[in-house]
Amino acid sequence: MAGKRRPYDAALRAGAVRHVAEAGKSTAEVARNQDVQPRMLQNWVHRARAG
């Protein structure tokens with residue numbers, strides 16, 4: 001059975017994306033520190049760069 005989806009607020013998303021973009025950290029490292037799935041963080045970063 002799949003777990004319940006956890007909502008992430010805009011501040012957490014923006015902060016995680018900023019860590020990847022400005023600090024030059026990998027998405028895997030930031031995802032581990034923020035307790036989010038790496039692929040989800042990659043999606044956030046991709047969307048931020050696109051728009």
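For the chain, hydrophobic long helices are taken as DSSP H runs at least 30 Å long by C-alpha position along their axis with mean Kyte-Doolittle hydropathy of -0.5 or more; none is present. Between Leu12 and Ala50, take the C-beta separation as r, use R0 = 25 Å, and let me know the FRET efficiency to the nearest 0.05. E between Leu12 and Ala50, to the nearest 0.05, is 0.80. Computed about the Cα centre, the dipole magnitude for the chain is approximately 200 debye when only Lys and Arg (+1) and Asp and Glu (-1) carry charge, each at its Cβ. Per residue, the solvent-accessible area of the chain (1.4 Å probe, heavy atoms of protein chains only, all protein chains present) comes to 80 Å².
Across the accessible surface of the chain, with the other protein chains kept in place and a 1.4 Å probe, carbon and sulfur atoms take up 49 percent.
The values are calculated or read from the model by the stated rules, or taken from the named source; none is laboratory data. Because the structure is predicted, anything quoted here is derived from the model rather than measured. Please note: Cβ atoms are built from the backbone with ideal geometry, for glycine as well, and neighbour counts cover all protein chains shown. Ligands, DNA and RNA are excluded from the accessible area calculation, which covers all protein heavy atoms including side chains. Shrake-Rupley method; radii C 1.70, N 1.55, O 1.52, S 1.80 Å.
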